[in-house]
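Worksheet: one structure, shown below.
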Amino acid sequence: MLFTSEQVSSGHPDKICDQISDAIVTDCLLNDRDSRVAVECMIKDYDITIAGEITSSHTPDFKDLTYCVLAGIGLPNIDQYTVNRLISKRRQLSMIPGMSCSQITSSKSRVSVLAS
């Protein structure tokens, strides 16, 4: 058995991205408990990109949530960051809730549906 682990310090872009994604998920669930949120975040220099799918009656304020996270961790000059978003508002596939990743990827037809 091979075991690996990764550790990054606080303030690392991976940690910041996780906090931004978590803030978006939390905001959606607080405003619509039936929300389905699949969101990822990427940071390069002062550009922050949020991408994913959201099925919710609530539309989060991505820029405000991002700036709140940045301010909360004490980053200076947060107004220099640009927040880009690539969010699909299409209804997510109904087969996704309650299924594991292995169940979804076990069928080629399901994989082709997910990829389209």
* Give me the pairs, please: first residue somewhere in the stretch 48-66 and under 12 Å from residue 27 (Cα atoms), second residue anywhere and among the hydrophobic types (A, V, I, L, M, F, W, C) and in a helix (DSSP H, G or I), beta-carbon distance under 6 Å, and either six or more positions apart or on two chains. => 56/28; 58/28; 60/24; 60/28; 65/23; 65/24; 66/20
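Residue-wise test of (1) under 13 Å from residue 86 (Cα atoms); (2) in contact with a Ser or Thr (Cβ under 9 Å, 6 or more places away or on another chain); (3) not polar (S, T, N, Q); (4) not in a helix (DSSP H, G or I).
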site	(1), (2), (3), (4)
33	no, no, yes, yes
40	yes, yes, yes, yes
43	no, yes, yes, yes
57	no, yes, no, yes
* Name the pairs whose Cβ atoms lie under 7 Å apart, with the first residue in the stretch 11-24 and of a type in the set (A, V, I, L, M, F, W, C), the second modelled with pLDDT of 90 or more and part of a loop (DSSP other than H, G, I, E, B), and 6 or more positions between them or separate chains? -> 16/73; 24/60
* Could you tell me whether residue 69 is surrounded by 18 or more Cβ atoms within 10 Å (Cβ to Cβ) and part of a strand (DSSP E or B)? => no
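The values are calculated or read from the model by the stated rules, or taken from the named source; none is laboratory data. For clarity, every value in this text was computed on a predicted model and none was experimentally measured. Counting neighbours? That spans all protein chains shown, and the Cβs are built from the backbone with ideal geometry, glycine included.
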